[in-house]
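Asks: Sharing a structure, written as structure tokens. Questions coming.
The values are calculated or read from the model by the stated rules, or taken from the named source; none is laboratory data. Here the structure is a predicted model, which is why all the values come from computation and not from measurement. Don't worry about glycine lacking a Cβ; one is built from the backbone with ideal geometry, like all the others, and counts go over all protein chains shown.
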Amino acid sequence: MMNIQTATFGNGCFWCTEAIFQSIKGVQSVKSGYMGGQTDNPTYMEICNGDTGHAEVIQIEFDADEVSFETLLVAFFKSHNPTTLNRQGNDVGTQYRSVIFYHNDEQRQQAEAIIKKLTAEQVFDKAIVTEVSPASTFYVAEGYHQNYYNDNKMKPYCMFVIQPKMNKFAKEFHDKMKPEYL
């Protein structure tokens with residue numbers, strides 16, 4: 001029997017982060033969506049306007065007996081720049097903020113501990129600005145946002161933005177990746 005748990009991360013464009021987390025052994029599913037704002041049932045266009053308070057997030061269902069939340073946190077910090085406030089690359093706005101939405105107190109403690117550790121070790125040249133916030137209602141993004149990279153590998157965005165991120169991630173995490181992603 002699997003030990004299925006949930007993790008929710010906002011670390012920039014969900015097309016990029018969805019692809020990275022889908023590749024990790026023990027991850028059962030990844031859904032792109034929105035969390036952390038005040039608008040009920042937001043649309044992508046509302047999110048893009050930056051008025052909803054929501055972040056673009058991925059919600060991960062994982063088998064905690066196969067992959068730990070701590071491993072997912074390491075992947076989270078390796079897959080984006082946690083030192084830029086409300087920005088990831090060319091994506092600017094609160095919807096692209098770095099945020100860990102915790103689902104229980106253990107996740108909160110682990111998130112705070114890894115931020116403290118990365119800060120003490122000066123892994124990044126600037127301060128980590130990642131929010132650690134309680135999970136709220138998760139709104140699933142529109143269907144065309146789901147499984148985006150796998151369904152659109154030949155689109156320029158996937159080839160020139162997502163694929164290089166996947167290649168960089170694979171160099172460091174190859175032992176934690178599903179064989180079909182290597």
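For every residue, the table says whether it meets (1) out of contact with any strand residue (DSSP E or B) (no Cβ under 9 Å at 6 or more places or on another chain); (2) under 17 Å from Ala75 (Cβ atoms); (3) modelled with pLDDT under 95.
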| position | (1), (2), (3) |
| --- | --- |
| Lys117 | yes, yes, no |
| Ala120 | yes, no, no |
| Phe124 | yes, yes, no |
| Val129 | no, no, no |
| Thr137 | no, no, no |
| Asn147 | no, no, no |
| Pro156 | yes, no, no |
| Val161 | yes, no, yes |
| Lys165 | yes, yes, yes |
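Asks: I've got another one for you. Is it true that some residue in segment 53-70 is within 15 Å of the chain's Cα centre (by Cα), touching a residue at least 24 places away in the same chain (Cβ under 8 Å) and over 23 Å from Tyr144 (Cα atoms)?
Replies: yes
Asks: Somewhere in segment 100-112, is a residue surrounded by 15 or more Cβ atoms within 10 Å (Cβ to Cβ) and of a type in the set (Gly, Ala, Ser)?
Replies: Of the residues in segment 100-112, the ones surrounded by 15 or more Cβ atoms within 10 Å (Cβ to Cβ) are 100-103, 107-108, 110-111.
Cutting the leftovers down to of a type in the set (Gly, Ala, Ser) gives us 111.
Scanning segment 100-112, I find at least one residue that is surrounded by 15 or more Cβ atoms within 10 Å (Cβ to Cβ) and of a type in the set (Gly, Ala, Ser), so the answer is yes.
Asks: Hey, can you tell me all the residues within segment 50-68 that are buried (at least 17 other Cβ atoms within 10 Å of the Cβ) and within 22 Å of Met2 (Cα to Cα)?
Replies: Here is the first cut: in segment 50-68, the residues buried (at least 17 other Cβ atoms within 10 Å of the Cβ) are 52, 54-60, 62, 67.
Listed by number, the residues that qualify are Ile58, Gln59, Ile60, Phe62, Val67.
Asks: Further question on the same structure: Need the failing condition index for Thr71 against (1) buried (at least 23 other Cβ atoms within 10 Å of the Cβ); (2) assigned to a helix (DSSP H, G or I), just the number.
Replies: Status for Thr71: all satisfied but (1).
Asks: Pairs under 7 Å by beta carbon, first residue at pLDDT below 95 and surrounded by fewer than 16 Cβ atoms within 10 Å (Cβ to Cβ) in segment 77-96, partner among the polar types (S, T, N, Q) and outside any loop (DSSP other than H, G, I, E, B), six or more apart or different chains?
Replies: Qualifying pairs under 7 Å: Asn86/Thr94.
Asks: When only residues in segment 1-42 that are over 19 Å from Met166 (Cβ atoms) and modelled with pLDDT under 95 count, which is surrounded by the most Cβ atoms within 10 Å (Cβ to Cβ)?
Replies: If we take residues in segment 1-42 being over 19 Å from Met166 (Cβ atoms) and modelled with pLDDT under 95, then Met2 is surrounded by the most Cβ atoms within 10 Å (Cβ to Cβ).
Asks: Go through (1) of a type in the set (Gly, Ala, Ser); (2) out of contact with any Phe, Trp or Tyr (no Cβ under 9 Å at 6 or more places or on another chain); (3) more than 30 Å from Gln38 (Cα to Cα) and name the single condition Ala170 misses.
Replies: Checking Ala170 against (1) of a type in the set (Gly, Ala, Ser); (2) out of contact with any Phe, Trp or Tyr (no Cβ under 9 Å at 6 or more places or on another chain); (3) more than 30 Å from Gln38 (Cα to Cα), the one that fails is (2).
Asks: Now for a different question. Looking at the structure I just gave you, is Gln122 more than 27 Å from Tyr44 (Cβ to Cβ), surrounded by 15 or more Cβ atoms within 10 Å (Cβ to Cβ) and out of contact with any Ser or Thr (no Cβ under 7 Å at 6 or more places or on another chain)? Talk me through it step by step, then tell me what you get.
Replies: On the way: more than 27 Å from Tyr44 (Cβ to Cβ): yes; surrounded by 15 or more Cβ atoms within 10 Å (Cβ to Cβ): no; out of contact with any Ser or Thr (no Cβ under 7 Å at 6 or more places or on another chain): yes.
It is false that Gln122 is more than 27 Å from Tyr44 (Cβ to Cβ), surrounded by 15 or more Cβ atoms within 10 Å (Cβ to Cβ) and out of contact with any Ser or Thr (no Cβ under 7 Å at 6 or more places or on another chain).
Asks: OK, next. Among Gln95, Gln88, Gln59, which is polar (S, T, N, Q) and in contact with an Asp or Glu (Cβ under 6 Å, 6 or more places away or on another chain)? Lay out the reasoning, then the answer.
Replies: Values: Gln88 fails: in contact with an Asp or Glu (Cβ under 6 Å, 6 or more places away or on another chain); Gln59 fails: in contact with an Asp or Glu (Cβ under 6 Å, 6 or more places away or on another chain).
The match here is Gln95.
Asks: Return the residues of segment 1-38 that are touching a residue at least 40 places away in the same chain (Cβ under 8 Å) and of a type in the set (S, T, N, Q); say none if nothing qualifies. So that I can check it myself, show each step before the final result.
Replies: Applying the first criterion (touching a residue at least 40 places away in the same chain (Cβ under 8 Å)) to segment 1-38 yields 2-27, 31-36.
Within segment 1-38, Asn3, Gln5, Thr6, Thr8, Asn11, Thr17, Gln22, Ser23, Ser32 qualify.
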